[in-house]
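Below is one structure, written out as structure tokens; the observations come after it.
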């Protein structure tokens, strides 16, 4: 099941590959990579999920993994039986090209315990004493 959270994304087409960060929460999906931001809606049905995502360029430079500089509308279908999801996507603007991708749910570290980092109160009387020097 595609859970709410933050995912590391890896994706490729026959032209290129890329990585990014994706967030999923309350039926929404959004994220960014080095060239584009993306946002849309997703639906989860057991281990399967679908999404419609719009992209928008935020940085000029090289072409997208679809080989163009256009904003895209992606139709995504995927499977997520655990922490790792796999998916395929097509773009309306680039008929016939398929993007394959992987999403990996990032694990959040547990909150630090309140008692773990407590420092004892400073007491200068407990410091070691230096030997007395003769003059």
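The values are calculated or read from the model by the stated rules, or taken from the named source; none is laboratory data. This one's a predicted model, so the numbers in the text were calculated from it and none came from an experiment. When we count neighbours, we look across all protein chains shown, and the Cβ atoms used for this are built from the backbone with ideal geometry, even at glycine.
Conditions (1) over 17 Å from residue 11 (Cα atoms); (2) touching a residue at least 12 places away in the same chain (Cβ under 8 Å); (3) out of contact with any strand residue (DSSP E or B) (no Cβ under 6 Å at 6 or more places or on another chain), marked per residue:
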| position | (1), (2), (3) |
| --- | --- |
| 43 | yes, yes, no |
| 49 | no, yes, no |
| 52 | no, yes, no |
| 60 | yes, no, yes |
| 68 | no, yes, yes |
| 72 | no, yes, no |
| 103 | no, yes, no |
| 124 | yes, no, yes |
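Tell me the residue from 19, 37 that is on the phi < 0 side of the Ramachandran plot and surrounded by 14 or more Cβ atoms within 10 Å (Cβ to Cβ), please. Spell out how you get there, then give the answer.
Details: 19 fails: surrounded by 14 or more Cβ atoms within 10 Å (Cβ to Cβ).
One residue alone meets the criteria, 37.
If you scan the range 85-96, which residues turn out to be at pLDDT below 95 and either in contact with a strand residue (DSSP E or B) (Cβ under 7 Å, 6 or more places away or on another chain) or surrounded by fewer than 16 Cβ atoms within 10 Å (Cβ to Cβ) (or both)?
91, 92, 93, 95, 96
List the residue pairs whose Cβ atoms are under 8 Å apart, where the first residue sits in the range 9-38 and is farther than 20 Å from residue 69 by Cα, the second is not in a strand (DSSP E or B), and the two are 6 or more positions apart or on different chains.
Partner pairs satisfying both residue conditions: 24/2; 24/3; 24/4; 25/4; 26/4.
For the range 13-23, which positions are under 16 Å from residue 77 (Cβ atoms) and part of a strand (DSSP E or B)?
Answer for the range 13-23, where residues must be under 16 Å from residue 77 (Cβ atoms) and part of a strand (DSSP E or B): just 22.
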